[in-house]
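The values are calculated or read from the model by the stated rules, or taken from the named source; none is laboratory data. Keep in mind it's a predicted model, so treat the numbers as computed, not measured. Neighbour counts run over all protein chains shown; Cβ positions are idealised from the backbone, glycine included. What goes into the accessible areas is simple: the full protein's heavy atoms, side chains included, and nothing from ligands, DNA or RNA. Shrake-Rupley method; radii C 1.70, N 1.55, O 1.52, S 1.80 Å.
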Amino acid sequence: MSTGISSWSNPAEITAIYPFPGTEWLLVIAGFVFWIWWHVKQIRDENRALKDAAEHHRRYGLRKTMEENVARTASGEAAGSHSSSSGVSPVHHD
Amino acid sequence: MDTEIGAIITIFTEFYYWVTVVMMFLIHAGLLAYEVGATRRKNISQTINRHVMTLALVTLTWFLFSWWIYWAFNAGPGFFGPVITNEYAMAALPWSENMGPHLQDNISGVFWAAFLLFSWTAAAIVSGVGIERVRTGAFLVIGVLVGSVTWVIDASWGWHAEGWMVQLMGYHDAYASGVIHAIAGGACLALTIVLGPRIGKFDREGRPRDIPPHNAWMACFGLVIIYAGFWGFYAACNIPIINIGSEDELRMGATNIYLMPTTLSSLTFNFLMSLTGGLMAGYFVSRGDPYWTLSCGLAGIIGASAGNDLYHPIQALFVGAAIAAVIYKMHFWVENRFKIDDPVGACAVHGYAGFLGVVIAGFLLWGYPAAAPIDLSDWWVSSHGWFGTTPDGYPAVNPIGNFLGAIIMFAVLGFLPTYVVAKLFQAKGLLREPREVELAGADSYEDLDVYPNFAWAESEFDKIELGYADD
């Protein structure tokens, strides 16, 4: 069995050297689907993360968050008023 | 590769373009440093993610459809020409065997990558204007629009020896003042208009406030790295070795992207002299501000790029200097007059400089052959060189063709599509971050601070911005 090339003995006659030649159409369709899916998922995840962040800042106090950011970074700590892993990152961690 | 010389030329050309691709990566290292340096600390991780993911998405879409667009849309005018179906266009279709490892095709992937790196540049330029307020999702769609659709249409029209803008209008833009920088600059202007300024950028009387970069040194360093990557870009715009003589009398030499003769020496002289002109002018107009001095150096190269294959080095120097001085003034005039917040000066450095560079090249290179005429029998129009031809019958470079070309680049393919798409996102509430997130910083909700162990000083603007928290 071979997924593509089984001999390099006649390079002048060899064309495509990737496995499964003839499936290019399928691969291109899969590429398109992956591209569109990625955009949709990224936008959904980001919307949810931004909504959560805005709600947190309103609840916690925007001024307080901003002041703490400055104070924490001035003292050498990491900035941020929220320590969970779900945030404004484009990839939402549930 | 049927002769020894043919084999050496093919292998040399393949390796030459491959090296340009590696060099052009430096543009993106530089752009990232520049953009991150200009961003305030609270948004850095978001800026990095947005920039890098733009490159990833442009790469995928460049494979799926953009490379084919470059080869298929040469005929015109506009979209009124037939779709090209020659061997190059067919080989660029994503399902073609040439779009993969192929023992009889050494070069397709290398050409594809060289043009991809141009596309990265076009899309990444736009990334800077949206910092600290644009949503990543909206920007990524706009990045794909600019990097994988609009710029490649203009490249097919005006950056290809058989493009209709070259054949009919005599358009000349050797190192992409218009086809990359003006179009990206037009898109920047559209995005920043629709987005609006960052909260607090303008006071109640409409006077702009300075929002200092979090790290001016990093931004300056990024600009110098961009210069380094720009060498690769310039090299990739040339055919390094080809017969520029006749079939009977072989004469090997380099050509520009329109297959018209130039030399690698020309681009070397003029790249450095236009950079010098931009830096020297920038130093004075900005009163020694290093960020703007270096940006003006970049604007000097971008402005002279349209004709840097043919200018005298002193001409390149003065074109670079004049354009750098003008765009610096324009940036602040536009900011004051129209309340446009362009945090990295991209509209000016890329858009205005690219536009002016194309216009100036039309005058300075007036009458030069733009490209060898091709058979137009299946086009909607049949006459080459609407605004003049050379004695040999070649379409001639001219001021009208380049002026119209600059408008097509900046306004028609640069500004308009991005404006429309940004408006659509805005209508759905998906363009700009919520106010709370913008003020607190996109990185502040999650522990994304890239400088956990460094102190920073509160700037004057941070105090002003704090006042908006209670509004």
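Brief remarks follow.
- Computed Rg/Rh of region B:311-426, alpha carbon atoms with Kirkwood Rh: 1.07
- Length added when fully stretched, B:Ile244-B:Ser383, from 0.36 nm per residue minus Cα-Cα: 47.6 nm
- Taking every lysine pair in chain B that is 8 or more places apart or spans two chains, those with Cα atoms closer than 15 Å amount to 4.
- Taking only the Cα atoms of the protein assembly as shown, the radius of gyration and Dmax are 24.7, 81 Å.
- The phi torsions of region B:179-187, fed into the Karplus equation with coefficients 6.51, -1.76 and 1.60 and a -60° offset, translate into couplings of 5, 10, 6, 5, 5, 5, x, x, 5 Hz, rounded to whole numbers, with Gly and Pro shown as x.
- Charge dipole (region A:1-60, unit charges on Cβ, about Cα centre) - positive-most of A:Leu26, A:Ser6, A:His57: A:His57
- Long-range HN-HN contacts of B:His102 with modeled amide H, under 5 Å: A:Ile17
- Mean separation of Cα contacts under 8 Å, 6 or more apart, over the residue count of chain B: relative contact order %: 23
- Sorted on the mean count of surrounding Cβ atoms within 10 Å across their residues, most packed first, peptides B:126-132, B:360-366, B:94-100, A:12-18 read B:126-132, B:360-366, B:94-100, A:12-18.
- Summing Cβ point charges (Lys, Arg +1; Asp, Glu -1) relative to the Cα centre of region B:186-243 gives a dipole of roughly 180 debye.
- Across peptide A:34-42, the mean count of Cβ atoms from other chains lying within 10 Å of each residue's own Cβ comes to 3.
- Per-residue shielding of B:56-68, expressed as the average number of other chain Cβ atoms within 10 Å of the residue Cβ, stands at 2.
- Accessible area of region B:1-89 divided out per residue, in Å², using a probe of 1.4 angstrom: 42
- The overall shape of region B:351-411 is oblate: from the C-alpha gyration tensor, with semi-axes ordered a ≥ b ≥ c, the ratio a/c is 1.5 or greater and a/b is no larger than b/c.
- If you sort the three axes of the alpha carbon gyration tensor as a ≥ b ≥ c, you get a/c of 1.5 or more for region B:58-161 and a/b no higher than b/c, which makes it oblate.
- Accessible area of A:Thr3 (1.4 Å probe, protein heavy atoms only, ligands and nucleic acids ignored): about 60 Å².
- By a 1.4 Å probe calculation restricted to protein chains, B:Tyr283 has an accessible surface near 130 Å², given to the nearest 10.
- Here chain B is treated with +1 on each Lys and Arg Cβ and -1 on each Asp and Glu Cβ, and its dipole about the Cα centre works out to around 1320 debye.
- Taking the protein heavy atoms of region B:337-437 in the context of the full set of protein chains, the accessible area attributed to carbon and sulfur is 66 percent at 1.4 Å.
- Taking amide H atoms as placed 1.01 Å from N in the peptide plane, the amide H of B:Phe202 lies under 5 Å from those of B:Arg209, each 5 or more residues away in sequence or on another chain.
- Per residue of peptide B:465-471, the mean number of Cβ atoms on other chains within 10 Å of the residue Cβ is 3.
- C-alpha long axis of helix B:136-145 to longest principal axis of chain B, angle in °: 20
- Placing +1 on each Lys and Arg Cβ and -1 on each Asp and Glu Cβ, with no other charges, gives the protein assembly as shown a dipole about its Cα centre of roughly 1820 debye.
- Mean separation of Cα contacts under 8 Å, 6 or more apart, over the residue count of region B:37-130: relative contact order %: 29
- Solvent-accessible area buried by pairing B with A, both sides, nearest 100 square angstrom, 1.4 angstrom probe: 4500
- Per-pair calculated FRET efficiency, R0 = 45 Å: B:Ile199 and A:Ser2 via Cβ, rounded to 0.05: 0.15
- Computed packing ranks the peptides B:381-388, B:143-150, A:47-54 as B:143-150, A:47-54, B:381-388, most packed first, by mean other Cβ atoms within 10 Å.
- Model label zone, B:Tyr468; criterion: amide N under 13 Å from point 7 Å along Cα-to-beta-carbon; scope region B:123-143: B:131-134
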